[in-house]
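What follows is calculated from the coordinates using simple rules that are stated; it is not laboratory data. As the structure is a computational prediction, the values presented were derived from the model and not from experiment. No Cβ is skipped: glycine too gets one built from the backbone with ideal geometry, and neighbour counts run over all protein chains shown.
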Amino acid sequence: MTDASPPIDLTTTSFLELLGEHLPSVDLSAPFSIGREGTIPVHIEGRVALAPMAGVSVQAFRRQGRRFGASVVFTEMVSISGLHYANERTRDYLRIATDEHPIAVQLFGTDPALMREAAQQVKDAGADMIDINMGCPVKKVSKTGAGCALLDDPDTAVAVARACAEATDLPVTVKIRRGMKNGSHDFAILGQRLVEEAGVSALTLHPRSAAQMYTGFADHALTAKLVELVDVPVFASGDITDRVRAEAVMALTGCAGVMIGRAAQGNPWAVRDLTTGKAVEPDPEERVAELVRFVREVVREMGDHRATGFLRKFYGWYLRGDAFGKAARRELMVMESPAEVEAHLLEQWPGALPQLAELEATVRYPDDTDRVIELPVSAYGGG
């Protein structure tokens, strides 16, 4: 299957030439719903979703995204096999706080029976939606037949999604890529089958191939094609880094919403830019305050030992720019505990203390009123 539509490349300024003067305006704050007959519809207050990213989308990250304006958040991938066997080696905690809703838990796997079982567990956990990953290009996932490998196995993909949709009354969404190979249009056929045969309530398209990984660009002309083909909401994912690109891709494709991923890593201000249009660069003290608050919540969530390694990638993401410098970032990477990192940051940037105090006074930590369940979570890369 081919498509003659000109590519839409948000990584260059050429996409602006496609906008013209008469395209309808879009409203990133407009509410909409996800859900089909027989499901509990999920009301979403805006058009900006925070993407599921393995090794990133922990509760602290999701809650921060909601605070900065994300309308809906997704967890990192959870293995349906891990849920079934629940051995201690893979067990971890997935927490859903009251201020995360609406939230979708993302699952991956290939066994319809295990998917049905996992879907029920996710409903019991208090999630609003179930998302299925059919786009992850990482070999640890694809070699099992899951993730992007399902693009080459549409019958299994449909069977897994149908089992999930039939297991509960939660809306089921699916994230896909354009196909396994460069130039593929497998997304078009699979997307229609997922909606028409499996009862999926929404789709997210990352219009890169699995072979591309995260190189090149996401061709959102394919997103426009998928919107034409299905009668459920479609989220556009890939290269959406600011308000201009978010509005452009919605206007050019007719998609229901946009999904921000890598641009939000250590950068919740990018989420605020998308949702409000206020692209204000935070000063170093604000960056430090948000990082320290994030560190504290990750420690609460994971404990010191796990948090130490998990947080290292975030230091470089948060402390970007000349105000900090490479040497300062490298110094944090070798510190032995989050407490040492926090003390060092506040000693170097004491001006962050008032902002941190305000965050501590106004942003709650989850407590016993929040839903806490034990689920084994994935440590694989995201799609």
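Mind putting a number on the dipole of the chain about its Cα centre? Charges go on the C-beta only, +1 for Lys and Arg and -1 for Asp and Glu, and I need it in Debye to the nearest 20. Working shown, then result.
Values: 40 positive and 52 negative charges, 164 e Å.
Approximately 780 debye in magnitude.
Straight-line reach from LYS326: taking Cα to Cα under 18 Å and skipping same-chain neighbours fewer than 8 places apart, the lysines in range are LYS313. For the range 225-347, a/c is not less than 1.5, where a ≥ b ≥ c are the root eigenvalues of the C-alpha gyration tensor, and a/b tops b/c. That puts it in the prolate class. The per residue volume of the convex hull around the alpha-carbon atoms of the chain is 136 Å³.
Karplus-derived 3J(HN,Hα) values for the range 57-71, using 6.51 cos²θ - 1.76 cosθ + 1.60 with θ = phi - 60°, are 7, 6, 4, 4, 5, 5, 5, 5, x, 5, 5, 8, x, 4, 7 Hz; glycine and proline are entered as x.
Distance between the modelled labels on HIS101 and THR276, one decimal in nanometres: 2.5 nm (7 Å Cα→Cβ projection).
Taking H as built 1.01 Å from N, whose amide H comes closer than 5 Å to the amide H of ALA127, not counting residues under 5 places away? Those qualifying (amide H under 5 Å, at least 5 residues apart or on another chain) number zero.
Cβ-to-Cβ counts within 10 Å put SER25, SER14, SER79 in ascending order as SER25, SER14, SER79, the fewest first.
Database remark: amide H of GLY46 closer than 5 angstrom to the amide H of PHE32 (H placed geometrically; neighbours at sequence offset of 5 or more, or on other chains; Pro and chain starts carry no H). Normalising the average separation of contacting C-alpha pairs (under 8 angstrom, six or more residues apart) by the number of residues puts the relative contact order of the range 284-362 at 51 percent.
Sequence-ordered 3J(HN,Hα) estimates for the range 253-267 from the Karplus curve with 6.51, -1.76 and 1.60 and θ = phi - 60° stand at 10, x, 5, 7, x, 10, 10, 9, x, 4, 5, 9, 6, x, 9 Hz, glycine and proline given as x. Counting Lys and Arg as +1 and Asp and Glu as -1 over every other residue whose Cβ lies under 14 Å from the Cβ of LEU18, the net charge comes to -4.
Under a 5 Å amide H cut-off, with hydrogens placed 1.01 Å from N, HIS220 pairs with ILE8, LEU10 among residues at least 5 apart or on other chains. The antiparallel fraction among DSSP beta bridges confined to the chain stands at about 25%.
When a footprinting reagent is the concern and you count Cβ atoms within 10 Å, what order do TRP317, TRP349, TRP269 take, fewest first? It would help to have the intermediate numbers written out before the result.
Working: TRP317 15, TRP349 23, TRP269 19.
Placing the least packed residue first, the sequence is TRP317, TRP269, TRP349.
When the helix-only estimate is applied to the chain (DSSP H runs of n ≥ 4, each -39,500 (n - 2.57), divided by the residue count), what is the mean residue ellipticity at 222 nm, nearest 500 deg cm²/dmol? Don't jump to the answer; show the numbers that get you there.
Working: 14 runs with 151 residues, N = 383.
Helix-only estimate at 222 nm: -12000 deg cm²/dmol.
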